[in-house]
Amino acid sequence: MRPALFAVLVVAALAAFAGVRQAASHPRGASRQSFTVRLDRVAQAISGRHDVSVRCGATADPTILGTVLFYGDRPGRQALLAPQICGTLERFWSRGGPSLACTELGGGQCHENVIALAWAITALAHESIHLRGIRDEATAECYGLQSTAFTAQALGAPPAYARRLAEYTFWNVRPPVDYGYFSSECRDGGRLDLRPNTSRWP
């Protein structure tokens, strides 16, 4: 799918999701059922599909954070997220996130809880991109990184917090180039830029 067309579809999905996101602005005390519904809604908004859901469970390997099965070129209807990813997302949903002061200039090295949150948010976004039908890992990773702020907001983060987390994640927390999850076109103005008409990145 052409990035420009994909961007239009994503913008439409995010606009439709805006009203639902308001319900997530105060996540404290949220029930487990509400959390699982929220994961489904995030995946549906990013994928542009109403028939998809997210399940938490053991993946084929402890190092695999999430997966979507493809049948030929067609993705399945479910994304599987590893238990540690779901645990981090649920804590974020119910309690809010850790301080991001470490991401500021001179803020020092971020602790494991910030890094774990970055991986968890992008894992959900990444697998949701796969549910749209994008199988290539580098493309899914790039689109997922650009969806990090939206995903964080959908799980209750204030906009400024979500943007800071997205910026930190892109520049500091992502798979190494040699893992096949990186494209040189994943940049402002690159072929995989979902917002080519703006300087907003990621």
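Scanning segment 118-171 for residues that are closer than 26 Å to G76 by Cβ and of a type in the set (F, W, Y), we see that the one that is surrounded by the fewest Cβ atoms within 10 Å (Cβ to Cβ) is W119. Checked against the criteria, W119 does not count as without any contact (Cβ under 8 Å) to a residue 12 or more places away in the chain and of a type in the set (F, W, Y).
For segment 138-150, the condition holds for no residue, the condition being that it is modelled with pLDDT of 95 or more and more than 24 Å from V54 (Cα to Cα). Quick check on G107: is it touching a helix residue (DSSP H, G or I) at 6+ places or on another chain (Cβ under 6 Å), without any contact (Cβ under 8 Å) to a residue 12 or more places away in the chain and either surrounded by fewer than 19 Cβ atoms within 10 Å (Cβ to Cβ) or farther than 14 Å from H130 by Cα (or both)? Yes; evaluated as a whole, the condition is true for this residue.
Of the residues examined, L39 is not one that is closer than 18 Å to G144 by Cβ, modelled with pLDDT of 95 or more, surrounded by fewer than 15 Cβ atoms within 10 Å (Cβ to Cβ) and of a type outside the set (D, E, K, R).
Exactly one residue out of R191, R174, R195 is of a type in the set (K, R), open to solvent by less than 80 Å² (accessible area, probe 1.4 Å), over 23 Å from C110 (Cβ atoms) and touching a residue at least 12 places away in the same chain (Cβ under 8 Å), and it is R195.
With respect to being modelled with pLDDT under 85, more than 18 Å from the chain's Cα centre (by Cα) and of a type in the set (A, V, I, L, M, F, W, C), A12 falls outside the description.
The values are calculated or read from the model by the stated rules, or taken from the named source; none is laboratory data. Values in this document were obtained by computation on a predicted structure and should not be read as measured data. Note that each Cβ is placed from the backbone with ideal geometry, even for glycine, and that neighbours are counted across all protein chains shown. Quick note on the areas: whole protein, heavy atoms, side chains included, nothing else; ligands and nucleic acids left out. Shrake-Rupley method; radii C 1.70, N 1.55, O 1.52, S 1.80 Å.
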